[in-house]
Amino acid sequence: MRTRKGKARLPWKRGPAAWQIAQRREAIRERLEKSPKSFFSPAAAAKLFGVSPQPIRAWVGSKFLIPDGPRGQLSRSQLLACLARIGKEAKPFDQQQLAERFHRKKGRPMPYAKLRSVDFPWPKKKPTLSPPEIGRLLNCHPSLVIRAIRELIADDPSEEHRYRRTPGRWALSCKQWKRLREEVGHRRKRK
């Protein structure tokens, strides 16, 4: 899958502000129609929409909003059209999308992307595999598998005994491996 280089032009792909506006669009539309002003600065439009000025400036910079008033101000009709489009097309923006966007922007792979992207057939007659064995099958370092296990059991340390073959060795069954692949990296890291 190819990803487009550069900044996302559609507001709902840039962050959660568009979705927040879409949730309150009726109240915003009423305030906008009652306002005596015909033109709004980006800061005034942000205050009206209930978001910080940064997303509005970014939308102006990406030509999603085009200033059509004096001194770079936005007209009421422009803001109403923007509000209608956001209400119709905006999608939720979750933390996973934010993390993917951050790592893609910095040119870094997502944490544990290797574990989620590569699938392998479970070896026959092997009830469990150790991290070095999984690492060889995935072509990655065993420490990545161990870090993923530790992140998975961080919330409930009593689960650790399920992943230990002996006190010094980890082992994963096929079912545990599938759970690890699904859950790791989707939670926030503990501080």
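The values are calculated or read from the model by the stated rules, or taken from the named source; none is laboratory data. Source: prediction; values computed, not measured. Neighbour counts run over all protein chains shown; Cβ positions are idealised from the backbone, glycine included. Side chains included, ligands, DNA and RNA excluded: accessible areas come from the protein's heavy atoms. Shrake-Rupley method; radii C 1.70, N 1.55, O 1.52, S 1.80 Å.
Some points to look at:
- Take the Cα of H141, step 7 Å toward its Cβ, do the same at W19, and the gap between the two points is 3.4 nm.
- Taken along the Cα-to-beta-carbon direction at a fixed 7 Å, the label points for S158 and E33 span 5.7 nm.
- Of the GluC sites (Glu not before Pro) in segment 125-184, those whose Cβ has at most 10 other Cβ within 10 Å and which sit in DSSP loop: none
- Of all accessible heavy-atom area on segment 20-87, the percent that carbon and sulfur account for (1.4 Å): 54
- Segment 16-87: C-alpha gyration tensor shape, a/c 1.5 cut-off, then a/b vs b/c: oblate
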